[in-house]
1. In the chain, if every C-alpha pair distance is counted and binned at 10 Å from zero, what percent goes to each bin?
2. Viscosity 1.002 mPa s, temperature 20 °C: what is the translational diffusion coefficient of the stretch 1-126 from Stokes-Einstein with a Kirkwood Rh over Cα pairs, rounded to a whole number of µm²/s?
3. Once amide H atoms are placed 1.01 Å from N in the peptide plane, what residues at a sequence separation of 5 or more from Ile283, or on another chain, have their amide H within under 5 Å of its amide H?
4. Choose one answer from Gly55, Gly146, Gly315: the residue with the largest mean-square fluctuation in a GNM of the chain with alpha-carbon springs under 10 Å.
5. At 1.4 Å probe size, with every protein chain present, just tell me what the per residue accessible area of the chain comes to in Å².
6. Provide the per-residue ³J(HN,Hα) series for the stretch 164-173, in order, calculated from phi with Karplus coefficients 6.51, -1.76, 1.60 and θ = phi - 60°, each as a whole number of Hz, with x at glycine and proline positions.
7. Taking only the alpha-carbon positions of the stretch 130-258 and ignoring solvent, what does the Debye formula give for the base-10 log of I(q)/I(0) at q = 0.09, 0.14, 0.19 Å⁻¹?
8. For Leu13, enumerate residues with amide H under 5 Å from its amide H, sequence gap 5+ or separate chain, H modeled in the peptide plane.
Amino acid sequence: MTLEAIKYHQGELKILDQLLLPMESKYIDIKGVEDGWKAIHSMQVRGAPAIAIVGCLSLAVELQKELPVEKKRLRREIEGKLNYLVSARPTAVNMKTAADQLINLVNELDKNDSVDSDQMKAKFIEAIEEMPKKDLADNRAIGEAGADAILAQQTNDGLVRVLTHCNTGSLATSAFGTALGVIRSLHARDKIEHVYCTETRPYNQGARLTAYELVHEKIPSTLICDSAVAALMRTRRISAVVVGADRVAANGDTANKIGTYQIAVVANRHGVPFYVAAPLTTIDFSIASGKQIVIEERPEKEMTHVNGMRIAAPGVTCWNPAFDVTPAELITGIVTEKGVFSPSDLIDKLQNSAG
Ligand code: MRU
């Protein structure tokens, strides 16, 4: 049975509180945009696609509770609430991409005189409700494309040992996952010899969430400290690294969980292919390079404390960037629902062919 981290049915939204996993599985109600914003900001839900899905669904929930208002006011309210949701976390682009698309939709509906206020709201909610379905289909396509690419590079018996970082699975998406979706697809083909996942300090998405998903799916796996990556690549055969992304710039530079860049450097040193798996909603063609990506810095307490207990020397100052940018030249391929692209091909093959 796959994990269901986001439950939505007829205007009711519940999410698995990721701050409590893996020790406690507790769903919390998201009753509207304010709850959605708080759940994203506090990381009760996290992972670029899941942030966008929960943010938008929280708006769908809120709209279904509201009394009818005239079209112009509805349009204004929707735009304001979407922009508010975008402000919950700055680095992942998916919520912004979704907000831009939904604002375009509501503008078009507003201009269309044959659509009244109730129809406008219904069509808008319908578009949001499609998001998890599309994300799941995209994830499955990413899984297949990534598995094909990794297997195509194998010269031995075809069994692979893969390293991943952070959490990119059912907990970070609508279901299935991006990088973890690639691992799931490889496992479904009986091609996984072993998966290594990093702890992913300081929030421990790897130790708490990816390990939880791997154990749940009975995928042979081992947890390593973030600092063990170089030793792992030196001492054990690693076939490929596959990670997710929070924002990919037009040149292929990729923002992902802090620590991704150093894994890419080590992979390059050891000749291990390094794949980024992400849906097109994570690619930001409006920025030329990773230099323009805003990196979220999180509270010191995430580093200094574990489960409420201080572990760092009192008085020390901390730097806690939540993401880093891996330069495109260290990336073997970007795995999307449209196939695998070398970073330098993104613009030509994806943006220019999109229209
Ligand atoms: O801070 P987080 O947990 O939201 O960061 C998540 C990541 O960096 C993931 O790798 C990324 O969002 C891809 S999720 C499919």
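1. 5, 25, 34, 23, 9, 3, 0
2. For the chosen part, D equals 143 µm²/s.
3. Val248
4. Residue with maximal mean-square fluctuation among Gly55, Gly146, Gly315: Gly315.
5. Dividing the accessible area of the chain by its residue count gives 44 Å².
6. 10, 10, 6, 10, 10, x, 4, 7, 9, 9
7. Per q value, in the given order, log10 I(q)/I(0) is -0.24, -0.59, -1.10.
8. Ile30
The values are calculated or read from the model by the stated rules, or taken from the named source; none is laboratory data. Computed from a predicted model, the values in this text were never measured in an experiment. Remember, those area values only see protein heavy atoms, side chains included, never the ligands or the DNA or RNA. Shrake-Rupley method; radii C 1.70, N 1.55, O 1.52, S 1.80 Å.
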